[in-house]
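Asker: Take this structure, written in structure tokens, and hold onto it; I'll ask about it next.
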Amino acid sequence: MPENVPESTRETPATVETPVPGVSMDVRSLLSANALSMRADIDRVHSLIAKRTSDLNSLVEGLSKPGTARDTLEALLERAGLEKTDKTRYAAYVRLANLREDGLKNHLEEIGLPAEEKDAVLLKAFEFAEEYHVRLHEALISEIEGMGLLTPFYRQLLRGVHSTGLAFNRFHKAWNGYLINGLNRKLEKRFGGDQGAVMGYLAENGLFDRGHGGEIADRSYSVLRECGDGYVVLAYVDAFPREVADIVAALDAFVTSLEGLEDVVYGQKDAYVSYLRALKTAFLETDVDSLVARWADVDVAWMGIRTPFQIGHPLEYYEDKFRKAVAPEWDLRLKNDSLFESNAKGGMETAFRKFAGELGLSEESEAYVFSLSSLNRTQLYVSAPMFYYGSCLTGLPSAQVVPNDAEVSKRHGKKIFSFAENVLKQYRARPQMKLNRLTVEKGLRQKRKDVVFGPDERFYELYDTETIGHEFGHTLWMELDTESRMNASGNSKNVEEWKATSGGVVAFFLNPREELKEPVVVDLVMRSIGLIGWMKEEEVRPYYCEALIHLDILFGSGTIFINGDGLVELNLNGDTYEALKSAYLRHYGKLAEAYLRKEDASIFLSEYAVSENGVFLPKDGAVRKFVENYYALYEEFGNAVDTETE
């Protein structure tokens, strides 16, 4: 895709043509020669990953006919102790092919299992998925080695990532059982389900990690342990000594395995080794007030790795709604330079400058400088998920922007990862669901299909506008302490995701392409409706809350309505398009002001949603009725494949 971003703001390609500091010209010439062979090898590895993805997606065949795919799905159900029905097979398919737990959770809610029994079923399903995908990872490594692809250094890198990932799998199970299924439920029960009361108690008793300058951090690398009537804070190494010891041993072995080899392609051996050593140091840190600083060192080292082989580390913290404890995730992403080029960054910068001017934000202010610096120093990696472990086995992102540490981002920028090809293949493999037919008018559903099954290039253009635009949107309106100050009542993430998506949307509205106007709106509508199913899913609640705000605007602008058959219907014309555009520009500007004031995120969220009985519901009566009706249907038909033809 053509890119209209000025040359000065483009991402520097992670290839050997970029001079490597401290490397002589003779060595650079050798690296360039080796790079030609590596590029061909990477293309072949991408083909192997694509074949694996296709095989995974082919598990959908088990929903409609007997055979190997059905045997695999039913083996998961047997392990989990669940009956074999059309609905449970679909839940098993989603768990294995998409790594998502929502189908299983919906089924367990439907049959009314107690919380402890649900936990046991989900753990058994996790372990089945873990074993299944570990075999896929090992098969991919064997294929690469058998075909002689990549250099000895990078083949060893793959082995090291995999060995360390196995330790992360064990850590995730211990962490999830103790924190998410255990301690957090006790905290919630202790305070009668009042999240604000929990947050107040944690703040009053100094139970958050401290970040740069001693400020309360926006995330934690620790957990609480009950001590008398109160709690103490323990670093991961003290709370999970056996699991962390396994990770540290794997990291030590990883470093040792690389020491006798050289990176003859990118000259980044030292960067990888520094990163792995920084990880070990961070995991072994016991002083809870130093944890954020140690993990910032990890992020700094990680930002220095610019090859196509990007190793992840614990970055996300959606699962823990109270202290934002960073989850035990580990993965390897492989960049794909041939898929498409993005032009999202340029549009986001134009939109930011426009809103900053209208809000009277000085170009010398911290928020202005910090936002543009973060935006323009962000590296983009259009990638494929190669290996994944730990918390990644409960769901892979469609895209991601990291690190979270604002101090690191200020000095070193961020990385955006886009998994567009994987997303498109999953969309195309999914069966048509009965829930969609019961809630969305046929014409609107067809418009969505036209994008998904149309030319790849059109889908990637849409993905670039909304998904990559979303990730760039995260970088704006921030200062070092913005998130922690806006999270006083625990809702910062519940507005941050809307800020990100609407940033991409308003950037499009300000510089639209005529052929994308309808697909952008259709995608926004269909995604927002689908996210209602996550109403009760704690780790993805920010996306559900985002959907409530979108739906408020979409219904309020007249862009969608409920027709006489009770279905959502699109009403996109010149008037409603302009009304929708005006509404997004207005609401986005209002949120940008809230970020600049660093006010509690609950204030903005409360204009669209209210919390009742532990869930958020729309404030607008008509939108609320739709959301409640949709969720009731989701509970009944969320796992039901549509067998009717139209």
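Asker: For the list (1) at pLDDT 95 or above; (2) surrounded by 13 or more Cβ atoms within 10 Å (Cβ to Cβ); (3) out of contact with any helix residue (DSSP H, G or I) (no Cβ under 9 Å at 6 or more places or on another chain), I need the number of the one condition that P66 fails.
Answerer: (2)
Asker: In this structure, does K105 turn out to be out of contact with any Gly (no Cβ under 7 Å at 6 or more places or on another chain) and either within 30 Å of I42 (Cβ to Cβ) or in contact (Cβ under 8 Å) with a residue 60 or more places away in the chain (or both)? Please lay out each step first, then the result.
Answerer: Values: out of contact with any Gly (no Cβ under 7 Å at 6 or more places or on another chain): yes; either within 30 Å of I42 (Cβ to Cβ) or in contact (Cβ under 8 Å) with a residue 60 or more places away in the chain (or both): yes.
For K105, the condition - out of contact with any Gly (no Cβ under 7 Å at 6 or more places or on another chain) and either within 30 Å of I42 (Cβ to Cβ) or in contact (Cβ under 8 Å) with a residue 60 or more places away in the chain (or both) - is met.
Asker: Mind counting the residues in the stretch 457-494 that are under 15 Å from L516 (Cβ atoms) and of a type outside the set (S, T, N, Q)?
Answerer: 11
Asker: Restricting to the stretch 561-594, name every residue that is touching a strand residue (DSSP E or B) at 6+ places or on another chain (Cβ under 7 Å) and either among the hydroxyl-bearing types (S, T, Y) or in contact (Cβ under 8 Å) with a residue 40 or more places away in the chain (or both). Steps first, answer last, please.
Answerer: Keep residues of the stretch 561-594 that are touching a strand residue (DSSP E or B) at 6+ places or on another chain (Cβ under 7 Å), which gives 561-563, 567-571.
Scanning the stretch 561-594 gives I562, N563, L567, V568, E569, L570.
Asker: Could you list, in sequence order, all residues of the stretch 369-390 that are farther than 30 Å from E130 by Cα and either surrounded by 18 or more Cβ atoms within 10 Å (Cβ to Cβ) or under 23 Å from the mean Cα position of the chain (by Cα) (or both)?
Answerer: Across the stretch 369-390, the qualifying residues are F370, S371, L372, S373, S374, L375, N376, R377, T378, Q379.
Asker: For the stretch 321-335, give me the residue count where each residue is crowded, with 22+ Cβ neighbours inside 10 Å, on the phi < 0 side of the Ramachandran plot and in a loop (DSSP other than H, G, I, E, B).
Answerer: Going through the stretch 321-335 one residue at a time, the tally reaches 5.
Asker: Enumerate the helices (runs of 4 or more DSSP H) found wholly within the stretch 489-577, keeping only those where 1 or more residues are within 18 Å of the chain's Cα centre (by Cα), of a type in the set (S, T, Y) and closer than 23 Å to D600 by Cβ. So that I can check it myself, show each step before the final result.
Answerer: Working: elements: 492-510, 517-530, 541-556.
Once the helices (runs of 4 or more DSSP H) in the stretch 489-577 are filtered for at least 1 residues that are within 18 Å of the chain's Cα centre (by Cα), of a type in the set (S, T, Y) and closer than 23 Å to D600 by Cβ, what remains is 492-510, 541-556.
Asker: Being over 30 Å from V264 (Cα atoms) and either in contact with a strand residue (DSSP E or B) (Cβ under 9 Å, 6 or more places away or on another chain) or not assigned by TED's automatic domain parsing to the domain that holds E101 (or both): is that true of L56 here?
Answerer: No; evaluated as a whole, the condition is false for this residue.
Asker: Looking at (1) under 21 Å from F555 (Cα atoms); (2) surrounded by fewer than 16 Cβ atoms within 10 Å (Cβ to Cβ); (3) free of Cβ contacts under 8 Å to residues at least 24 places away in the same chain, can you tell me which one I603 breaks?
Answerer: Every listed condition holds for I603 apart from (1).
Asker: Just to verify a result, which residue in the stretch 210-243, among those that are at pLDDT 95 or above and part of a loop (DSSP other than H, G, I, E, B), is farthest from N491 (Cα to Cα)?
Answerer: If we take residues in the stretch 210-243 being at pLDDT 95 or above and part of a loop (DSSP other than H, G, I, E, B), then F240 is farthest from N491 (Cα to Cα).
Asker: When you go through (1) more than 30 Å from S64 (Cα to Cα); (2) among the small types (G, A, S); (3) under 20 Å from the mean Cα position of the chain (by Cα); (4) surrounded by fewer than 21 Cβ atoms within 10 Å (Cβ to Cβ) one by one for G360, which number turns out not to apply?
Answerer: (3)
Asker: Something else: Confirm whether S398 is polar (S, T, N, Q) and out of contact with any helix residue (DSSP H, G or I) (no Cβ under 8 Å at 6 or more places or on another chain). Full working, then the answer.
Answerer: Details: polar (S, T, N, Q): yes; out of contact with any helix residue (DSSP H, G or I) (no Cβ under 8 Å at 6 or more places or on another chain): no.
Considered against the rule, which asks whether it is polar (S, T, N, Q) and out of contact with any helix residue (DSSP H, G or I) (no Cβ under 8 Å at 6 or more places or on another chain), S398 comes out as no.
Results for (1) surrounded by fewer than 21 Cβ atoms within 10 Å (Cβ to Cβ); (2) in contact with a Lys or Arg (Cβ under 8 Å, 6 or more places away or on another chain); (3) in the same structural domain as G490 (by TED's automatic domain parsing), shown as yes or no for each residue.
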site	(1), (2), (3)
L136	yes, yes, no
G160	no, no, no
N169	no, no, no
I180	yes, no, no
Q195	yes, yes, no
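Asker: Of the numbered conditions (1) at pLDDT 95 or above; (2) surrounded by 22 or more Cβ atoms within 10 Å (Cβ to Cβ), I416 satisfies every one except a single condition; which is it?
Answerer: Evaluating I416 over (1) at pLDDT 95 or above; (2) surrounded by 22 or more Cβ atoms within 10 Å (Cβ to Cβ) leaves (1) as the failure.
The values are calculated or read from the model by the stated rules, or taken from the named source; none is laboratory data. As the structure is a prediction and not an experimental result, all values here were calculated from the model. Here the Cβ is made from the backbone with ideal geometry for all residues, glycine too, and neighbour counts use every protein chain on show.
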